[in-house]
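**Student:** What follows is a structure written as structure tokens; I'll ask about it next.
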Amino acid sequence: MPAPTPVFFDCDTGIDDALALGYLLRSPAVDLVGIGTVSGNTDAAQAAINTLDLLAIAGASGIPVAIGSHHHLAQDYHGGAAHVHGDNGIGGLELPRSDRRPDDRTAVQLLLDLSHEYAGALQVVAVGPLTNIALALQADPTLPTRVAGFTVMGGACLSPGNVTPAAEANIYNDPEAAAVAFAAEWDAALVPLDVTMAHTLEEDDQRALAASDDPLAQVLATMLDHYMEFYRPIFGRRTCALHDPLAAVIAAGEIGLTSAPRVPLEVDTTHGPSRGATIADLRGIWRGLGDSSRGGVRIVREVDRPVVRILLDTILG
Ligand code: RIB
Ligand code: CA
């Protein structure tokens with residue numbers, strides 16, 4: 001079996017972030033070497049508390065968790081998404097408090113340090129606003145030369161947005177940071193709503209997590225109640241979209257990409273109705289889309305399996 005891939009996970013924990021964390025902790029393909037938090041679903045400090053508490057429940061004590069940016073590059077953080085993820089980001093669930101503290105470094109410094117320690121091998125997986133990533137690039141523009149891959153959950157290319165008709169939450173919360181992150185020269189993949197909304201976790205799956213004797217699976221099942229209620233009117237049934245887990249599984253290379261052309265991508269940073277839109281040049285779809293000769297960002301449009309099966313098999317073991 002090949003050596004596990006070192007992964008830096010930047011998140012706004014978040015219920016689907018918590019599911020992705022569970023996957024990254026349990027996948028034999030992954031060595032989770034550091035976690036940064038950013039304001040999004042909840043604020044960066046609360047996201048770190050949630051993450052540390054989940055790590056303690058999972059019995060994973062050695063992974064550094066560093067708090068990242070509270071505010072975004074060009075706009076202040078204006079509160080999280082309580083209607084989606086609950087007041088504390090994890091459905092209002094009060095977890096037993098971890099006795100670990102966040103790392104003394106910022107998320108930016110932790111990412112830069114790990115990029116040296118795992119130079120050429122590190123996979124960066126970002127499933128919140130891209131503030132920390134942009135700040136890391138501004139602090140050290142050579143970062144991409146040491147990163148093997150950069151996978152982002154965010155954006156809506158040919159699909160509608162979820163916070164505005166045009167924009168997805170992670171990108172909308174910090175469009176300027178997203179523009180910086182996607183302008184950098186690294187092997188970047190975007191996992192937008194176009195594909196994540198096709199990957200759901202159903203009531204039977206929630207029951208399977210709840211029935212497990214694994215404490216992490218049980219708390220994930222409990223917090224899913226809040227998230228699945230949010231999605232009930234959107235899908236017309238009690239279910240939820242697996243945004244962040246899909247990005248994590250793609251970064252780990254445990255799912256095949258059946259449509260993922262590399263094309264130029266721009267982020268709308270204007271202040272009109274399309275602020276935060278991800279404009280990917282997908283005009284080639286009418287003739288069977290391949291990679292653009294102009295390069296760009298890999299836009300994941302389709303994968304070869306339902307990610308929920310990989311997620312549950314990995315978490316439940
Ligand atoms: O739009 C979905 C994304 O926004 C997910 O990453 C979710 O956790 C929130 O951050
Ligand atoms: Ca997230």
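The values are calculated or read from the model by the stated rules, or taken from the named source; none is laboratory data. Values in this document were obtained by computation on a predicted structure and should not be read as measured data. Please note: Cβ atoms are built from the backbone with ideal geometry, for glycine as well, and neighbour counts cover all protein chains shown. The area values use the complete protein model at the heavy-atom level, side chains included, leaving out ligands, DNA and RNA. Shrake-Rupley method; radii C 1.70, N 1.55, O 1.52, S 1.80 Å.
**Student:** Could you identify the single residue in 269, 258 that is at pLDDT 95 or above and either among the hydrophobic types (A, V, I, L, M, F, W, C) or buried (at least 16 other Cβ atoms within 10 Å of the Cβ) (or both)?
**Tutor:** Checking each option against the conditions leaves just 269.
**Student:** Select, from 276, 296, the only residue that is at positive phi, at pLDDT 95 or above and buried (at least 20 other Cβ atoms within 10 Å of the Cβ).
**Tutor:** Checking each option against the conditions leaves just 276.
**Student:** For the range 145-175, which residues satisfy the criterion of being away from ligand 1 (no atom under 11 Å from the Cβ), in a helix (DSSP H, G or I) and farther than 22 Å from residue 24 by Cα?
**Tutor:** Residues satisfying the conditions are 145, 175.
**Student:** Under 9 Å by Cβ, and 6 or more places apart or on different chains, what pairs join a residue from the range 194-210 that is closer than 12 Å to residue 235 by Cα with one that is at pLDDT 95 or above and among the aromatic types (Phe, Trp, Tyr)?
**Tutor:** 197/235; 200/231; 200/235; 201/227
**Student:** How many residues are more than 26 Å from residue 144 (Cα to Cα) and of a type in the set (Gly, Ala, Ser) when one looks only at the range 258-299?
**Tutor:** 4
**Student:** May I pose another question? Residue 126 - would you say it is under 19 Å from residue 175 (Cβ atoms) and under 17 Å from the mean Cα position of the chain (by Cα)?
**Tutor:** Yes; evaluated as a whole, the condition is true for this residue.
**Student:** Is it the case that residue 79 is within 14 Å of ligand 1 (Cβ to nearest atom), free of Cβ contacts under 8 Å to residues at least 40 places away in the same chain, in a loop (DSSP other than H, G, I, E, B) and open to solvent by 10 Å² or more (accessible area, probe 1.4 Å)?
**Tutor:** It is true that residue 79 is within 14 Å of ligand 1 (Cβ to nearest atom), free of Cβ contacts under 8 Å to residues at least 40 places away in the same chain, in a loop (DSSP other than H, G, I, E, B) and open to solvent by 10 Å² or more (accessible area, probe 1.4 Å).
**Student:** Could I ask something else about it? Can you name the residue in the range 176-202 that is away from ligand 2 (no atom under 16 Å from the Cβ) and assigned to a helix (DSSP H, G or I) and, of all such residues, is surrounded by the most Cβ atoms within 10 Å (Cβ to Cβ)?
**Tutor:** It comes out as 182.
**Student:** Considering the range 190-207 alone, what residues qualify as being more than 16 Å from ligand 1 (Cβ to nearest atom) and in contact with a Ser or Thr (Cβ under 6 Å, 6 or more places away or on another chain)?
**Tutor:** Across the range 190-207, the qualifying residue is only 202.
**Student:** Looking only at the range 233-251, decide whether some residue is touching a Lys or Arg at 6+ places or on another chain (Cβ under 6 Å) and either surrounded by fewer than 13 Cβ atoms within 10 Å (Cβ to Cβ) or on the phi > 0 side of the Ramachandran plot (or both).
**Tutor:** For the range 233-251, residues touching a Lys or Arg at 6+ places or on another chain (Cβ under 6 Å) and either surrounded by fewer than 13 Cβ atoms within 10 Å (Cβ to Cβ) or on the phi > 0 side of the Ramachandran plot (or both): absent.
**Student:** Given (1) in a loop (DSSP other than H, G, I, E, B); (2) within 16 Å of residue 187 (Cβ to Cβ); (3) of a type outside the set (Asp, Glu), where does residue 123 come up short, assuming only one miss?
**Tutor:** The single condition residue 123 does not satisfy is (1).
**Student:** How many residues does the range 25-47 hold that are crowded, with 24+ Cβ neighbours inside 10 Å and within 23 Å of residue 230 (Cβ to Cβ)?
**Tutor:** 8
**Student:** Could you please give the count of residues in the range 163-175 that are open to solvent by 30 Å² or more (accessible area, probe 1.4 Å) and in contact with a helix residue (DSSP H, G or I) (Cβ under 6 Å, 6 or more places away or on another chain)?
**Tutor:** The total comes to 1.
**Student:** Shifting gears a bit: Residue 207 is checked against (1) open to solvent by 40 Å² or more (accessible area, probe 1.4 Å); (2) outside any helix (DSSP H, G or I) and fails just one. What number does that condition carry?
**Tutor:** (2)
**Student:** Taking the range 84-94, which residues are among the hydrophobic types (A, V, I, L, M, F, W, C) and either closer than 12 Å to residue 46 by Cα or free of Cβ contacts under 8 Å to residues at least 12 places away in the same chain (or both)?
**Tutor:** 90
Rundown of residues vs (1) aliphatic (A, V, I, L, M); (2) modelled with pLDDT under 95; (3) farther than 24 Å from residue 156 by Cβ; (4) open to solvent by 10 Å² or more (accessible area, probe 1.4 Å), yes/no style:
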residue	(1), (2), (3), (4)
96	no, no, yes, yes
102	no, no, yes, yes
107	yes, no, yes, no
111	yes, no, yes, no
116	no, no, yes, yes
123	no, no, no, yes
137	yes, no, no, yes
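**Student:** Please count how many residues of the range 13-37 are closer than 17 Å to residue 103 by Cβ and either within 9 Å of ligand 2 (Cβ to nearest atom) or free of Cβ contacts under 8 Å to residues at least 24 places away in the same chain (or both).
**Tutor:** Adding up the residues that qualify gives 1.
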